[in-house]
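A.B. asks: This structure is in structure tokens; I'll ask about it shortly.
The values are calculated or read from the model by the stated rules, or taken from the named source; none is laboratory data. Predicted, not measured: the structure shown is a model, and the values here were computed from it. Cβ placement follows ideal geometry from the backbone for every residue including glycine, while neighbour counts extend to all protein chains displayed. Accessible surface is based on the protein model in full, side chains and every heavy atom, while ligands, DNA and RNA are left aside. Shrake-Rupley method; radii C 1.70, N 1.55, O 1.52, S 1.80 Å.
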Amino acid sequence: MLSTTTTSMSERKHMSTQTKSESEQKREGLLAIGPERYKQIFESVPLSMWEEEYTEVIQDVRAIKESGVDDVRAYLEAHPEVVADIASKAIILDVNQEAIRLYEADSKEHLLGSIARTFLPETYPFYLDSLVAVANGEAHFSGETRVQTLKGNIINILLSYLTMTQPDGSERVLLCIVDITHRKQIEEELTRSNRELEEFAYVASHDLQEPLRTINSYAKLLERRNGKDLDSKANGYLQKITDGAQRMQTLINDLLMLSRLGQAPRVFEPVACAQIVEEVLDSTRGSITKAGAQVTYDNLPTILGDHSQLRLVFQNLIGNGLKFRGSETPHIQIAAQRDNDRWVISVRDNGIGIDDDNKEVIFAMFQRVHGRGEYPGTGIGLAIVKKIVERHDGRIWVESEVGKGSNFCFTLRAAGMAEIAA
Ligand code: ADP
């Protein structure tokens, strides 16, 4: 009985393998690409596509490299006539329906006969980049540029090249073009409105200083001249005014610093992170000793950055590590690890920690998880840190568990030896 069952199972298994291979065969048959099926896909795919014969282009670029030119980009930049000559050797074989629509052409022939008209002066550096990619042996290249349609409208496009070696050894290139004009407009609007907001924050915080100074100085004057005539209740009110004005001054200073960051030019130089940490430790020696804290650092790199801005990053993170301490003696460890072309720098403390819900929120302006009564602060420090890290093309995040400390990690682009020596 048992053996009969086993046999029938294996038979079923065999049958299903057979059925599967039959269906697979059928599928393969249906998918087989003949010239007509290829044509149909190429024409109707909802993405602008061109196909070009690229054999001579690739041969010419390789010949430049083989002739001993080390820096192909510098060579092509210095010889625009060579780029024009190479460009003339690409033969556009076909464009699809979506490309005709995108380039506002009347027909395939119209577009094929007028492709040179779609180029703008700014398309040229993009084309040069694609030749450099060919020289580097890259089969795939992608980038953004602007072109002109045949009706004269300027459009932003994302263009991707894929070079394919044919069975006969010739080279073809398939170009996919996506219209990103709308996305670009939104990006530009966003940049403009961010700039306006920064300007507004700068002007507002700058102008707020004046009335605040008046409040402060008159409150002090009142205290000095009439303090002894006032009862303790009135003196308490006066103290509240001075404290409030002081707090507002701190907020304004932080806001000003944040908005100035967005306006400062990006001037990067080699910066030794260990030196910055030393400077911060020197300036916070008092609080470190008072807290009985131990701050250690190890293996910190030299990177390209803005010295005073990076100092603010370490100052804020170390300061927070001291401020948000738990019952244990504070221990802050600063370390770095290489990750491809980046350094990941971490500032780890053994303080009170942050719960999952607040790990992103704390990097926004004025966001504080812990009350002002418990820990002083304005909630701007981490917003400043984030902005600086992003201005250095990096990102920042926190790993933490409540009661077990926090590890603030941020990335910075590694500087090459040549950049450091320059
Ligand atoms: P501030 O320190 O002025 O409050 P920050 O922007 O530096 O402002 O920090 C925002 C909030 O993030 C803090 O109020 C605190 O709740 C939390 N936080 C920051 N650093 C730490 C840390 N090392 N440990 C625990 N919580 C932290």
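A.B. asks: Across the stretch 181-203, what is the total count of residues that are surrounded by 16 or more Cβ atoms within 10 Å (Cβ to Cβ) and of a type outside the set (K, R)?
C.D. replies: Total satisfying the criteria: 3.
A.B. asks: Condition first: free of Cβ contacts under 8 Å to residues at least 40 places away in the same chain and farther than 12 Å from L312 by Cα. Now tell me which residues in the stretch 377-398 satisfy that. If you could, list the steps in order and put the result at the bottom.
C.D. replies: Narrowing the stretch 377-398 to residues free of Cβ contacts under 8 Å to residues at least 40 places away in the same chain: 379, 386, 390, 393, 395-397.
Listed by number, the residues that qualify are G379, E390, D393, R395, I396, W397.
A.B. asks: Looking at the stretch 335-378 only, could you name the residues that are among the hydroxyl-bearing types (S, T, Y) and either near the ligand (Cβ under 9 Å from one of its atoms) or farther than 30 Å from N253 by Cβ (or both)?
C.D. replies: If the condition is that a residue be among the hydroxyl-bearing types (S, T, Y) and either near the ligand (Cβ under 9 Å from one of its atoms) or farther than 30 Å from N253 by Cβ (or both), then Y375, T378 are the ones that fit.
A.B. asks: Something else: Among all residue pairs at least 6 apart or on different chains, which show Cβ distances below 8 Å where the first residue, located in the stretch 306-327, is within 17 Å of E399 (Cα to Cα) and modelled with pLDDT under 95 and the second is near the ligand (Cβ under 8 Å from one of its atoms) and open to solvent by 30 Å² or more (accessible area, probe 1.4 Å)?
C.D. replies: Sorted first by the residue in the stretch 306-327, then by its partner, the pairs are F324/I352; F324/H370; F324/Y375; R325/I352; G326/I352.
A.B. asks: For the stretch 208-246, name all the residues that are open to solvent by 80 Å² or more (accessible area, probe 1.4 Å) and within 18 Å of I380 (Cα to Cα).
C.D. replies: Answer for the stretch 208-246, where residues must be open to solvent by 80 Å² or more (accessible area, probe 1.4 Å) and within 18 Å of I380 (Cα to Cα): L208, Q246.
A.B. asks: Answer yes or no: is there a residue in the stretch 359-376 that is in a loop (DSSP other than H, G, I, E, B), among the hydrophobic types (A, V, I, L, M, F, W, C), in contact (Cβ under 8 Å) with a residue 60 or more places away in the chain and buried (at least 20 other Cβ atoms within 10 Å of the Cβ).
C.D. replies: Within the stretch 359-376 (the criterion being in a loop (DSSP other than H, G, I, E, B), among the hydrophobic types (A, V, I, L, M, F, W, C), in contact (Cβ under 8 Å) with a residue 60 or more places away in the chain and buried (at least 20 other Cβ atoms within 10 Å of the Cβ)), the answer is no, since none of the residues qualifies.
A.B. asks: Looking at the stretch 384-402 only, could you name the residues that are in a helix (DSSP H, G or I) and either open to solvent by 10 Å² or more (accessible area, probe 1.4 Å) or of a type in the set (F, W, Y) (or both)?
C.D. replies: Hits for the stretch 384-402 are K386, K387, E390, R391.
A.B. asks: In the list L412, L317, L382, L322, which residue meets the criterion of being on the phi < 0 side of the Ramachandran plot and more than 15 Å from the ligand (Cβ to nearest atom)?
C.D. replies: Residue meeting the stated conditions: L412.
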